[in-house]
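Please treat every number below as a calculation from the coordinates, not as lab data. Note that the structure is predicted; figures quoted are calculated from it, not measured. Don't worry about glycine lacking a Cβ; one is built from the backbone with ideal geometry, like all the others, and counts go over all protein chains shown.
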Amino acid sequence: MATTLYPEQKNSTRNRCAMTAARSVFLHGHDRGWCGVIRLRNFKPEKTITRPPASQLWLNLFVRQSRRIARRIPRPASSSCHRTAPASQRRPLLWKDTDLANRRVVLLETKTSTNSDRFLTDDLVRRMHALEQGRRPEDHVFKYKSRWSINDRTLAVCRRTGIEYKPSHTCGRKAMATNAIGLGIDIRTGGG
């Protein structure tokens, strides 16, 4: 069933989307007394590709090169470099949820279903001020249709400038944490 429903997908997707659902149905049947215990084995997952996070040098190069090649730089990707939020939370950000004077944005209903304040760097605030001109409070800060278009723009910048491509996940919090630890900042326990 899983291979019929998901012929092109990886085994991890088949396990998550098909096997977990089938297992739940069989467990429900067992709980109701309709059948005995039926065990299903997951497909063997493929090896995951671990990408190293973006270094501070890469982040600086990316921002500089994206400014050079176009006025409309991939701002959500660039904001990844400034560690504001994951791509899925940056995309629907509205101007009414930004407070550039106090260098902060409010992300509505994050993964934990709560609002979250995020603070912005001076550089990002400067660039967002330029974007804000002529925009209404209900307008989107970043005009992207989906989270994947952020990576598409990042890939385009990397190809045009000759730097290694890194998806938005490796440019955000993962890069911030790795770079902070490399500088000797103890972010795990909050010490310094």
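Tell me, ILE181, ILE163 in order of fewest to most beta-carbon neighbours within 10 Å?
Working: ILE181 12, ILE163 15.
Ordered from fewest to most neighbouring Cβ atoms within 10 Å, ILE181, ILE163 come out as ILE181, ILE163.
Quick one: VAL63, VAL37, fewest Cβ neighbours within 10 Å first, how do they rank?
Numbers: VAL63 20, VAL37 8.
Ordered from fewest to most neighbouring Cβ atoms within 10 Å, VAL63, VAL37 come out as VAL37, VAL63.
Got a sec? How would LEU57, LEU120 order by Cβ neighbour count within 10 Å, fewest to most? Display every interim value, and only then the final one.
Working: LEU57 10, LEU120 21.
Sorted ascending by nearby Cβ count, the order is LEU57, LEU120.
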Requested in this report: Please list the non-local residues whose amide H lies under 5 Å from the amide H of ARG104, H modeled 1.01 Å from N, same-chain partners needing a gap of 5 or more.
Outcome: ASP99, LEU120
